[in-house]
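Colleague: Would you mind keeping the following structure in view while I ask a few things?
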């Protein structure tokens, strides 16, 4: 049977990484809504591996691609 302390530490790490991902997503959303920066720059500045990874994360989290935020603001 797994050690409870190990399970608790793993759960905490998952929670931390989830919060960090949400913070990155929010930062990217704010920058995109500003409408002045290219998608690739936003992805890089918010620590996504590339535009496609950011796009997939937006689709998963917000149900729409990041380009829709950029269009809505511009």
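Please treat every number below as a calculation from the coordinates, not as lab data. Given the structure is predicted, the values throughout are model-derived calculations rather than measurements. FYI the Cβ positions are ideal-geometry reconstructions off the backbone, even for glycines, and counts take in every protein chain you see.
Colleague: Assuming R0 = 22 Å, what is the FRET efficiency of residue 60 and residue 4, from their Cβ-Cβ distance, to the nearest 0.05?
Modeller: Numbers: r = 31 Å, r/R0 = 1.40.
Rounded to the nearest 0.05, the efficiency is 0.10.
Colleague: Tell me the label only: which of (i) 3, 17, 23, 20, 10, 7, 7, 5, 3, 2, 0, 0; (ii) 3, 14, 24, 21, 14, 12, 8, 4, 1; (iii) 3, 17, 25, 22, 14, 9, 6, 3, 0 is P(r) over Cα pairs in 5 Å bins from 0, in percent as calculated from this structure?
Modeller: Label (i) holds the value from this structure.
Colleague: Next question. Give me the number: length gained by fully extending residue 16 to residue 33, i.e. 0.36 nm times residue separation minus the C-alpha to C-alpha distance, one decimal in nm. Numbers along the way, then the final one.
Modeller: Details: separation 17, 0.36 × 17 = 6.12 nm, distance 2.58 nm.
3.5 nm is the gain from fully extending residue 16 to residue 33.
Colleague: Show that you can apply the helix-only estimate: for the chain, add -39,500 (n - 2.57) for every DSSP H stretch of four or more residues, divide by all residues, and state [θ] at 222 nm to the nearest 500. Let's see the in-between values first.
Modeller: On the way: 4 runs with 58 residues, N = 74.
Counting only the DSSP helices, I get -25500 deg cm²/dmol.
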